[in-house]
Amino acid sequence: MLHTQFRANQDTKHLGVQEFLKALRQYCISFTSKETLWNEFQAIRQTLNSRTLPIQDIANKIKQYQMQQPRISNWQCYHQLLEAMDALLLQAV
């Protein structure tokens, strides 16, 4: 539907795929998405709503955020995993 509107508009009908993708990106992805993803990444914790999640789930969630946000390094993922661990697990590690 968006593509049809883009092609029907007199101002944009002569533009190519790259311009359409830029317009689509501005429409679908907020300009603060990187900051939002970073804040969500920083908020990952093993205990969520009084439930303790398996540490494998936390590691997977951290890796998912790294795939979404390439600027997150392996070093940052490692430290986020340590920060996300409950105190008893962190002591055991």
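Let me check against my output: what whole-number percent is the relative contact order of the chain, with C-alpha pairs under 8 Å and at least 6 apart?
Values: 46 pairs, mean separation 21.9, N = 93.
The value is 24 percent.
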Could you give the angle, 0 to 90 degrees to the nearest 10, between helix 74-84's Cα long axis and the longest principal axis of the Cα atoms of the chain? 60 degrees
Might you tell me the accessible area per residue for the chain, computed with a 1.4 Å probe and given in Å²? 79 Å²
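In whole percent, and with a 1.4 Å probe on the protein chains, what portion of the accessible area of the chain is carbon and sulfur?
Numbers: 4150 of 7330 Å².
So the carbon and sulfur contribution to the accessible surface is 57 percent.
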Computed helical MRE - 222 nm, the chain, DSSP H runs ≥ 4 contributing -39500 (n - 2.57), nearest 500: -19000 deg cm²/dmol
Which is the longest run of the chain containing none of the trypsin sites (Lys or Arg not before Pro) found in DSSP loop states (not H, G, I, E, B) with at most 10 other C-beta atoms within 10 Å? 14-70
Keeping all protein chains in the complex and leaving out DNA, RNA and ligands, what accessible area do you get for E19 with a 1.4 Å probe, in Å² to the nearest 10? 80 Å²
Name the shape class, rounded, prolate or oblate, that the alpha-carbon gyration tensor gives for segment 53-93, where a ≥ b ≥ c are the square roots of its eigenvalues, rounded holds for a/c under 1.5, and otherwise prolate holds if a/b is larger than b/c and oblate otherwise. oblate
So how compact is the chain: Cα radius of gyration and Dmax in angstrom? 19.9, 65
Cα-based helix-to-principal-axis angle, 33-42 vs the chain, degrees rounded to 10: 10 degrees
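The values are calculated or read from the model by the stated rules, or taken from the named source; none is laboratory data. Note that this is a predicted model, so its numbers are computed, not measured. In this analysis, Cβ positions are derived from the backbone assuming ideal geometry, glycine residues included, and neighbour counts consider all displayed protein chains. Ligands, DNA and RNA are stripped out before the accessible areas are found, and what is left, the full protein with its side chains, is counted by its heavy atoms. Shrake-Rupley method; radii C 1.70, N 1.55, O 1.52, S 1.80 Å.
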